[in-house]
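Read the figures in this text as sums done on the coordinates, not as results from a lab. Predicted model, so just to flag it, every value in this text is computed and none were measured. Here the Cβ positions follow ideal geometry from the backbone for every residue, glycine too, while neighbour counts run over all protein chains shown.
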Amino acid sequence: MELMEWCRELPKIELHAHLNGSVRDSTLLELAKVLGEKGVIVFADVAHVIMKNGRSLPECFMLFDLFHILTTDHQTVTRITKEVIEDFAAENVVYLELRTTPKKNEAKGMTKRSYMEAVIDGIKAVDSVDVAFVTSDTSKLMTCSGSIPVNGTGSPIKRKKIYVRLLLSIDRRETTAAAMETVNLAMDLKDFGVVGIDLSGNPVIGEWETFLPALKHAKELGLPITLHCAEVPNKKEIQAMLDIHPQRIGHACFLEDEEWRKAKFLKIPVEICLTSNIRTERLSSLHNHHFADLYKAKHPLSLCTDDSGLFSTTLSNEYYLAASTFGLNKSEIFVLARSAIQYAFVDDEVKEELTKVFDDAEKRLIS
Ligand code: IMP
Ligand code: ZN
């Protein structure tokens, strides 16, 4: 089997995916057209960026701003969530930790809570695959599925299954009070599959001190946190981030030796986003990427997409890139994919289920 096809077949764990960055281009185009017709945006200004494959850094941030306009409507949030989950499942992602920034828009009657309810409705609306998530009724794993398809002889066709959990993102533009509200909301929605907190947004905006009280609060409440860390050089902030000992960090492009020593000593798992780092010009070439050093050092790692829609990638493609750039063979790639189970913010019961999925796949994929 060709390597790319093999990477698609591989079961995968996605730990760093932003909901609105993962939206399909076709959906984005359709939504932008409607907004253009309503006069909310100038469609011609964004159309060429949406349809483009390799986007520049300013074009990426232009699209993020567009996403914020698009997601002011509950139905759209629900639709995007449903489609994003279906797209990840189609790639054989078996566990998806989807992160999103709860948004408030008084004019549209949207609160952070109602935004999240729309996301949860999107999870429930998935019908092309089985979704395992958490419900408030039983606090147990429940599987929701649409109508059961049958084959020509009337026997049920085995459907794909994906576990979905949510992380609530604090945007670096937010105030301490807004960040605190997000943490409290995450706590309230624990029974709906919310498993942790993320800090993201434009890395050159915002002060660490603004978010720290909310992140500390999350820690006190027992909510795991993951931080977008060192997307730009910022020694003081990077050190402060490592000092609070987050459960994971994302990107980690600009750590210096001293900080790497600390991160390695603390064994903080790193969410590696290869395509994203190149597209946003954090690194000039994959050959200089810190993946190589971390992999060699056996540091905990997981390959992730970040924004699969925005960066025109898939998790299968990220595994393919790692294999082809760093010379990993199929067995090594398989071990890497399976190792990500350990770093998921999910209970042991689900981890055991996921391990079984990998055990089954191993027989098929590694000869
Ligand atoms: P959302 O939180 O579902 O709206 O997903 C899009 C948001 O994720 C963006 O507006 C950013 O705040 C954040 N985001 C996505 N990609 C990146 C990145 O590479 N760095 C920092 N923040 C990001
Ligand atoms: Zn990210």
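Miscellaneous remarks
- Given their separation in residues at 0.36 nm each and the Cα-Cα distance between them, D257 and M4 gain 87.7 nm when the chain is fully extended.
- Stretch gain in nm, segment K235-I205, where the contour uses 0.36 nm per residue and the Cα spacing is subtracted: 9.3 nm
- Here, the chain yields an orientationally averaged convex hull projection of 19.1 nm² when only Cα atoms define the hull.
- Within segment 1-130, the proportion of C-alpha pairs whose separation exceeds 27 Å stands at 24%.
- Distance between the pseudo-spin-label points of S56 and S339 (7 Å out from Cα toward the beta carbon): 3.8 nm.
- Highest mean packing first, where packing is the average number of other Cβ atoms within 10 Å per residue, the peptides 105-114, 229-238, 202-211 line up as 229-238, 202-211, 105-114.
- For the pair L283 and V40 in one chain, pulling the backbone fully straight at 0.36 nm per residue adds 84.0 nm over the alpha carbon distance.
- Extending 7 Å from the Cα toward the beta-carbon at both N329 and E220 defines two label points whose distance is 5.3 nm.
- Value at 222 nm in deg cm²/dmol, rounded to 500, when DSSP H runs of n ≥ 4 in the chain each add -39,500 (n - 2.57): -14000 deg cm²/dmol
- Surrounding net charge for L328, when Lys and Arg each add one and Asp and Glu each subtract one, Cβ distance under 13 Å: 0
- Lysine pair count for segment 1-129 [Cα-Cα under 17 Å; pairs on different chains or 8 or more apart]: 5
- 16 Å Cα-Cα reach of K330 towards aspartates and glutamates, excluding residues that sit fewer than 8 places from it in its own chain: E2, E5, E9, E318, D359, D360, E362
- Antiparallel bridges, percent of DSSP beta bridges restricted to the chain (to nearest 5): 15 percent
- Gyration tensor verdict on segment 252-292 (Cα atoms; rounded if a/c is under 1.5, prolate if a/b is larger than b/c, oblate otherwise): prolate
- For segment 154-289, fraction of C-alpha pairs farther apart than 27 Å, in %: 26 percent
- Among S308, S169, S324: highest mean-square fluctuation, GNM of the chain, C-alpha pairs under 10 Å: S324
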